[in-house]
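First comes the structure, then the notes that go with it.
The values are calculated or read from the model by the stated rules, or taken from the named source; none is laboratory data. Not measured: the values here are computed from a predicted model. Every residue, glycine among them, receives a Cβ derived from its backbone with ideal geometry; neighbour counts consider all protein chains shown.
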Amino acid sequence: MAVRSNSTIGAHEIEHLRAAGDGAGPDWESIRTFLEVARASSFRTAAARLRMTGHGVARRIEQLEHQIGAMLFTRHRDGVRLTGAGRHLLSCAEQMEEASLGFVRRRGMLAQPLRGEIRIACTEGLGTFWVTPRLLEFARAHPQILVDLCCSMQRPDDLVARAQADLAIQIEQPAPRDLMTRRIGRMHIVPCASKSYIETYGLPKSKQEVDERHRIVLMFADQGKAHDLYNEQYPERSQTGFVAMRTNVSTALYAAIVSGLAVGWLPTYCFAIGASVIPLDLDWVYSFDIWLSYHPDLGSVPRVRRMIDWAIEQFDPQKCPWFRDDFVHPAAFEKHLRKGSPGEIDAAFGRPKTQPPP
């Protein structure tokens, strides 16, 4: 291999790096050899790591230099050093290595059967009304996976930390632990009422009207923060005579609002799935971030990795505007849903979205 001390790369060498001298692209083994020499700064050490002879390593480097048309190393008493061309190639080679490792990891994941049990801990409302209906497609694609869904308003990340769940979806930021966490969306809560309630008590047109002429229903749970929010809004007001019902689960809250018992707050995604209630335009919205957490050791388990990716997709704000950071009024959802699939609400839930009374 020719030697030179000047490591400065010229414009003509850049062109050589862009177009191989003999038109043949370097193979991965040559690139891998180049990486080992660059990291070891020694042909001998690289050869030992690669279980090759020193002559074999030198020969591969010479072939690589011929292919790209540029010198990659200069020899020195203490080993070899990268030239300017070598440093330029190093970044590309490292990207190739990362892609190769990703391919190997992915191949390993695909080679393992997607079967077994996955335990998901989820906020009760999201688990019941949003996650469960969407599991149909996942179950059809992976019939050998059993999904164990634990819905609760307690902190789901506690179950992940204690290895009682593989991943958690919740509306309160996970506590600092050795967990992988990611904010996957935002949930917006709006005041709602049923058609029968509005026909009986009238349509509230302001917060003051709700305070003076209507009753409300609340859900008090670990993650809902309704107790704190009520005290902020009504620091001096007793709940007796104003709050018609308190509950600790989303299903009971929804049933109370649908039945016409009182005005209550529901997440806007409920209207995307055909909720039989009417959103009230009162500029009275609360928002909660949606968090995903899982133990880092489980991220490489094929079935868990597939479920993590699936969960992130279900809260994609580009596909689901009700999970965007900024509030989108439910009136805009029908156009969004029917744009891609006419009659999606009717087909999926058996009823059209309820419209406000004239």
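Of the listed requirements (1) modelled with pLDDT of 95 or more; (2) out of contact with any Phe, Trp or Tyr (no Cβ under 7 Å at 6 or more places or on another chain), residue 205 misses just one: (1). Closer than 21 Å to residue 210 by Cβ, crowded, with 18+ Cβ neighbours inside 10 Å and modelled with pLDDT under 90: is that true of residue 275 in this structure? So residue 275 fits the description; yes.
Filtering segment 162-177 to residues that are in contact (Cβ under 8 Å) with a residue 24 or more places away in the chain and either of a type in the set (S, T, N, Q) or surrounded by fewer than 20 Cβ atoms within 10 Å (Cβ to Cβ) (or both) leaves 163, 164, 170, 172, 173.
Here segment 147-170 is the region considered, the condition is being modelled with pLDDT under 90 and of a type in the set (D, E, K, R), and the residue that is nearest to the chain's Cα centre (by Cα) is 157.
Quick grid of which residues meet (1) of a type outside the set (A, V, I, L, M, F, W, C); (2) crowded, with 19+ Cβ neighbours inside 10 Å; (3) under 25 Å from residue 124 (Cα atoms); (4) within 24 Å of the chain's Cα centre (by Cα):
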position: 180; (1), (2), (3), (4): no, no, yes, yes
position: 183; (1), (2), (3), (4): yes, no, yes, yes
position: 188; (1), (2), (3), (4): yes, yes, yes, yes
position: 191; (1), (2), (3), (4): yes, yes, yes, no
position: 195; (1), (2), (3), (4): yes, no, no, no
position: 210; (1), (2), (3), (4): no, yes, no, no
position: 215; (1), (2), (3), (4): yes, no, yes, no
position: 238; (1), (2), (3), (4): yes, no, no, no
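Could you list, in sequence order, the residues of segment 152-161 that are in contact with an Asp or Glu (Cβ under 8 Å, 6 or more places away or on another chain) and buried (at least 22 other Cβ atoms within 10 Å of the Cβ)? Within segment 152-161, 160 is the sole residue that qualifies. The single condition from (1) within 26 Å of residue 268 (Cβ to Cβ); (2) surrounded by fewer than 19 Cβ atoms within 10 Å (Cβ to Cβ) that residue 314 fails is (2). Scanning segment 279-310 for residues that are aromatic (Phe, Trp, Tyr) and part of a helix (DSSP H, G or I) gives a single hit, 310. Between residues in segment 235-251 that are at pLDDT 90 or above and residues that are outside any strand (DSSP E or B) and polar (S, T, N, Q), which pairs lie under 9 Å by C-beta distance while being six or more apart or on different chains? Listed by first residue and then by second, the contacts come to 246/239; 250/128; 251/128. Looking only at residues of segment 136-148 that are aliphatic (A, V, I, L, M) and surrounded by fewer than 16 Cβ atoms within 10 Å (Cβ to Cβ), we find that the one that is nearest to residue 251 (Cα to Cα) is 136. Scan segment 206-217 and tell me whether some residue there is touching a Lys or Arg at 6+ places or on another chain (Cβ under 9 Å), at negative phi and in a strand (DSSP E or B). Yes: one or more hits. In segment 175-202, of all residues being part of a strand (DSSP E or B) and among the charged types (D, E, K, R), the one that is farthest from residue 272 (Cα to Cα) corresponds to 182.
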